[in-house]
Amino acid sequence: MQVMGMRFAAALAVLVVAASVQADVTYFVKDDAHVQSSGAGFDINYVAVKRDENSASIYHRKGYVSYDLAGLADVLAARSGRLLDWQLDMYFVSSGLGSTSSSAMWDFQVYGLTDESLDSWDQTTINYANAPANDATDGNTVDGTKTVSVGTFSGAGYMIGELHSTSANAGFNNFIASDTNDIASFIVVRNTDSTGGNSYAHAFESANAAGTNSGAKLRLAETNNRIGTSGEFESSTGNFTTAGWSNNDTVAKAHDGIVAGSRQAARIDSTVSNALTIGGNADSQDFTVDYYFATADGGGSGNRGLAVNYRFNGDGQINLRVNGDGNIQVYNDQALGGSTGWKLLGDLSGIVQFSEDLAGDAGFDDVGDVLNVHRLKLVMHGSGTATPTYDIYLSDANATTFTAVALGLQYYQYGVPTTLGQTGLEELRFDGGLANADYVIDSVFIAIPEPATFAMFGLAAMTLIRRRR
Ligand SMILES: [Ca+2]
Ligand SMILES: [Ca+2]
Ligand SMILES: [Ca+2]
Ligand SMILES: [Ca+2]
């Protein structure tokens, strides 16, 4: 029997993190403004950047943007083992200031503010004289002792309506990793000056502006996730989306995020006889699938909550469920794994704790509900050989590290991927029709094959594993 008070508190803690961090994993602006070498600061609908042709000009403009990183450690822990890259996304708009030929090329640079004593700058009071690490000797210069370059980008002409991002680089990642005060400040400058009669001041939309793109976004990307941002079930503005997925008969409904950094998750509606599906990769053999789930109690030992099929390119699949006893089971009707039927994975039994919709309005995201979130990772080995196997890792409730693993499994349904044409993850399928109770999934990660970082993470976790035979 679960202690409601404790569960309730745990659920609230998760939801509070999800609400404050704001994710895809996307962070929204804390402060943004630009400063101009005439002396002023501008907290308006755009952030302008311009290096004028003369270093002594009063028309230089440098952009400043900051983000609240509170809860970052939890966000990173939830995605441990995945390859992560940070970037800044800027949506360019018209400044109405000057002009440029459409073919003129412009180079920009973004700096991170490493002197954290200066992170408390305010968009309403910032100006050219007090702007953190501003080096006034030119329109693109910053104090190198207080900043580090985190990336560059380029564009042509006005760039209006274009999304520009810094490309993935270690400097950006190291800058975020070195943060100690939960604030990240950036300075955006244009390295190309206004020579040749091209006087334009470029601008990207600020958080002051209304609309879906408002404000530059600090984004945490999983660069080795085959399904990219589709795995997070949210758009760049943080709303529920099933883009990239086939949401058949709208079996997936919006649900509050169930991991740190997530604003939205997908609830699989067990009253809909269909599945939420996505292609994995048709041309590869081994794969890793890692996600978070929260499931209600399906009922009896033969019923199910979480119901997932990992379909190979051939006829076979791995059919996985959480039954009504809270056990992870996989189905076997092939000779490779011995006797047929639902196979209890003893190493993973007694771990899953159910979630409950006590408020009675669908989902586990209301006050009074019970939310227990588990992480599950399946790693395929030896696809295309005579003895393909897979491992399943499982976390305790509301933990991000794996506490148990079932290794070397050979249970398959409909076929075994023993030849190359049968291997690969053709489709990942979260089924509502098979389920007897709702479940929620979030932060789905598919890699082909398993990344080395993830394998190391798995091995490290195994030292902590409680064997459960
Ligand atoms: Ca602003
Ligand atoms: Ca900082
Ligand atoms: Ca999400
Ligand atoms: Ca509810």
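The values are calculated or read from the model by the stated rules, or taken from the named source; none is laboratory data. The shown structure was predicted, so the numbers you read here are calculated from the model rather than taken from an experiment. Cβ placement follows ideal geometry from the backbone for every residue including glycine, while neighbour counts extend to all protein chains displayed.
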Inset, instruction - Please list, ordered by first then second residue, the pairs with beta carbon atoms under 6 Å, 6 or more apart or interchain, first in the range 253-267 and on the phi < 0 side of the Ramachandran plot and β-branched (Val, Ile, Thr), second in a loop (DSSP other than H, G, I, E, B) and more than 13 Å from ligand 4 (Cβ to nearest atom). - result: Ile258/Val373
Inset, instruction - Among the residues of the range 57-75, write down those that are of a type in the set (A, V, I, L, M) and in contact (Cβ under 8 Å) with a residue 40 or more places away in the chain. - result: Val65, Leu69, Ala70, Leu72, Val75
Legend entry - Criterion (surrounded by fewer than 22 Cβ atoms within 10 Å (Cβ to Cβ), more than 21 Å from Val416 (Cα to Cα) and acidic (Asp, Glu)) met by exactly one of Asp290, Asp297, Asp286: Asp297
Legend entry - Any hit, the range 319-336, residues being within 29 Å of the chain's Cα centre (by Cα), away from ligand 2 (no atom under 16 Å from the Cβ), in the same structural domain as Gly257 (by TED's automatic domain parsing) and hydroxyl-bearing (Ser, Thr, Tyr): no
Legend entry - One residue from Thr418, Thr400 being of a type in the set (Ser, Thr, Tyr), within 21 Å of the chain's Cα centre (by Cα), crowded, with 18+ Cβ neighbours inside 10 Å and in the same structural domain as Gln317 (by TED's automatic domain parsing): Thr400
Inset, instruction - Would you mention how many residues in the range 421-447 are among the small types (Gly, Ala, Ser), modelled with pLDDT of 95 or more and surrounded by fewer than 24 Cβ atoms within 10 Å (Cβ to Cβ)? - result: 2
Inset, instruction - Considering only the range 295-342, give the strands (runs of 3 or more DSSP E) lying wholly within it that have at least 2 residues that are among the β-branched types (Val, Ile, Thr). - result: 317-323, 328-332
Inset, instruction - Would you tally the residues in the range 54-65 being at pLDDT 95 or above, away from ligand 1 (no atom under 12 Å from the Cβ) and not aliphatic (A, V, I, L, M)? - result: 5
Inset, instruction - Considering every residue within the range 213-223, establish whether at least one is among the small types (Gly, Ala, Ser), at positive phi and more than 16 Å from ligand 1 (Cβ to nearest atom). - result: no
Inset, instruction - Report whether or not Ser383 is farther than 30 Å from Ala260 by Cα, buried (at least 17 other Cβ atoms within 10 Å of the Cβ), in contact with an Asp or Glu (Cβ under 7 Å, 6 or more places away or on another chain) and hydroxyl-bearing (Ser, Thr, Tyr). - result: yes
Legend entry - Pick from the range 233-264, criterion of a type in the set (A, V, I, L, M) and outside any loop (DSSP other than H, G, I, E, B), ranking: farthest from Asp365 (Cα to Cα): Ala252
Inset, instruction - Working carefully through the options Ala201, Ala275, Ala243, Ala260, find the one that is of a type outside the set (Asp, Glu), farther than 23 Å from Thr26 by Cα and in contact with a helix residue (DSSP H, G or I) (Cβ under 7 Å, 6 or more places away or on another chain). - result: Ala275
Legend entry - Residue count for the range 356-387, restricted to those that are within 16 Å of ligand 3 (Cβ to nearest atom) and either more than 30 Å from Gly337 (Cα to Cα) or over 24 Å from the mean Cα position of the chain (by Cα) (or both): 4
Legend entry - Qualifying position, being at pLDDT 95 or above and touching a His at 6+ places or on another chain (Cβ under 9 Å), among Asp32, Asp43, Asp68: Asp43
Inset, instruction - Working carefully through the options Ile160, Ile126, find the one that is crowded, with 16+ Cβ neighbours inside 10 Å and among the β-branched types (Val, Ile, Thr). - result: Ile126
Inset, instruction - Among the residues of the range 361-391, count how many are of a type in the set (Val, Ile, Thr), closer than 13 Å to Gln410 by Cα and touching a residue at least 40 places away in the same chain (Cβ under 8 Å). - result: 2
